[in-house]
Amino acid sequence: MREKRYTGIVVIATAAAALAGCAPAEQARTEQPTVTRAVAVLYPTAGSEVRGTVTFVATDSGILVRADLTGLPPGEHGIHIHELGDCSAPDGTSAGGHFNPDDSPHGAPDDQSRHVGDLGNLTADDAGLARYERTDARIALGGHHSIVGRAVIVHAGADDLVSQPTGSAGARAACGVIGIADAAGGA
Ligand SMILES: [Cu+2]
Ligand SMILES: [Zn+2]
């Protein structure tokens, strides 16, 4: 009993020393959180009906991107990560341009040279529903290529995967800010 109490005092003393400014405590404060899952809830821009959810899950081979959208005109629609996590403008332009931390040209998702944010197109069916799934090795949930805190934009038109700097995908139909999601979530 007496021995147990003594151990407790030692633990408290060690914790106090750490709080007093030793290196390990400083390090803990500046370390980035490890994000394994992120989510963007997309809302329609002015005059649009497009809405849905995009999830990002870290896997061994990259980030698994899954999108579920409704309210789209049938056909192809560009989907990109844009630089800024700001969907406040009615036309979505507040989200800035394509996320391009390496100063590369616009391209297709499988091109060697592309914006980090270039995720290509999703295809809507006759009912306006679109599903998209891709494991992408260029985007990340931490570090230089991190998409957390940026925005997903789905466009009114198709990304031609060639035109600079946006793929001529037309107006922004839906916008959502990418945030940290529950690591154990099933969304
Ligand atoms: Cu875009
Ligand atoms: Zn691009």
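For the stretch 35-174, the gyration tensor built on C-alpha atoms gives a rounded shape. Its axis ratio a/c (a ≥ b ≥ c) stays under 1.5. A cut-off of 5 Å between modelled amide H atoms, ignoring neighbours fewer than 5 places along the same chain, links residue 116 with 102. Look at the dipole of the stretch 37-180 built from charges on Cβ: of 135, 99, 52, the Cα furthest out on the positive end belongs to 52. Rg and Dmax over the alpha-carbon atoms of the stretch 28-87 stand at 14.7, 49 Å. The magnitude of the dipole of the stretch 37-180, with charges of +1 and -1 set on the Cβ of Lys/Arg and Asp/Glu and taken from the Cα centre, is near 380 debye.
Each value in this text was obtained by applying a stated rule to the coordinates, not by laboratory testing. Keep in mind that this is a model prediction, so the values were computed, not measured. Backbone-built Cβ (ideal geometry, glycine too); neighbour counts: all protein chains shown.
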